[in-house]
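Peer 1: Before anything else, here's the structure in question.
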Amino acid sequence: MSLRKSPTRTPAFLEAIHRNAQKSTGPWTVRGKAQSCLNRLKTGERSRVFRQLRDGLLDAPPGAVQATARALLSREQALHPVFDELVGLARWAEGRVVSRERHYRELVAAKQKEWVTGENVPPQPTDSKSESPITWARGEGKTKKKDVRNRRWK
């Protein structure tokens, strides 16, 4: 709770508020309006061109990120840091996808080779309960347990 006494809303006070509100109506000159038009490019989220580029890059076929960006952007727009960063991120993501796909193809080929040669034989289940990995994980293996009530070893 504020200890400051709230101002009384006198007609003069309300008139001062109204006058100050009339002063802040945005840019009046052509140059000011052109400069404020670029404010939405600070983050880029609200720019129509940015949204078109983002959607175009998301729908671009694999390996065509750079060509899609060149088709959607003018030379001046391509030099803008916001657009350049978006294209760079798309190219990075595309490279990650390509490297992951190559890695998975190599893994699948290795597994198929193991299956063909018979090297990948599944482990045989054990008959003994004491040798089971689940039994060891529960602590029911060959360890001794202490009976707390009688203080004897079982």
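Peer 1: Answer yes or no as to whether VAL65 is at pLDDT 85 or above and in contact with a Lys or Arg (Cβ under 7 Å, 6 or more places away or on another chain). Reasoning before the result, please.
Peer 2: Working: at pLDDT 85 or above: yes; in contact with a Lys or Arg (Cβ under 7 Å, 6 or more places away or on another chain): yes.
Against the criterion (at pLDDT 85 or above and in contact with a Lys or Arg (Cβ under 7 Å, 6 or more places away or on another chain)), VAL65 qualifies.
Peer 1: Right, something else. Just to be sure before I move on: is LYS42 under 30 Å from GLY26 (Cβ atoms) and either surrounded by fewer than 10 Cβ atoms within 10 Å (Cβ to Cβ) or modelled with pLDDT under 75 (or both) in the structure I sent?
Peer 2: Yes: the conditions hold for LYS42.
Peer 1: Test GLN22 against the criterion of being farther than 30 Å from ALA93 by Cβ and surrounded by 10 or more Cβ atoms within 10 Å (Cβ to Cβ), and give yes or no.
Peer 2: So GLN22 fails the test.
Peer 1: I would also like to ask the following. Just checking, which of ALA110, ALA60, ALA93 is of a type in the set (A, V, I, L, M, F, W, C) and not in a helix (DSSP H, G or I)?
Peer 2: ALA60
Peer 1: Turning to a different aspect of this structure: Identify, from the list THR143, THR126, THR117, the residue that is polar (S, T, N, Q), surrounded by fewer than 11 Cβ atoms within 10 Å (Cβ to Cβ) and modelled with pLDDT under 65. Lay out the reasoning, then the answer.
Peer 2: Working: THR126 fails: surrounded by fewer than 11 Cβ atoms within 10 Å (Cβ to Cβ); THR117 fails: modelled with pLDDT under 65.
Being polar (S, T, N, Q), surrounded by fewer than 11 Cβ atoms within 10 Å (Cβ to Cβ) and modelled with pLDDT under 65 holds for just one of THR143, THR126, THR117, which is THR143.
Peer 1: Just the residues that are surrounded by 14 or more Cβ atoms within 10 Å (Cβ to Cβ) and not in a helix (DSSP H, G or I), please, taken from the range 65-90.
Peer 2: Selection gives LEU73, HIS80.
The values are calculated or read from the model by the stated rules, or taken from the named source; none is laboratory data. Nothing here was measured: the structure is a model prediction, and the numbers come from that model. For neighbour counting, all protein chains shown are included, and Cβ atoms are generated from backbone atoms with ideal geometry for every residue, glycine included.
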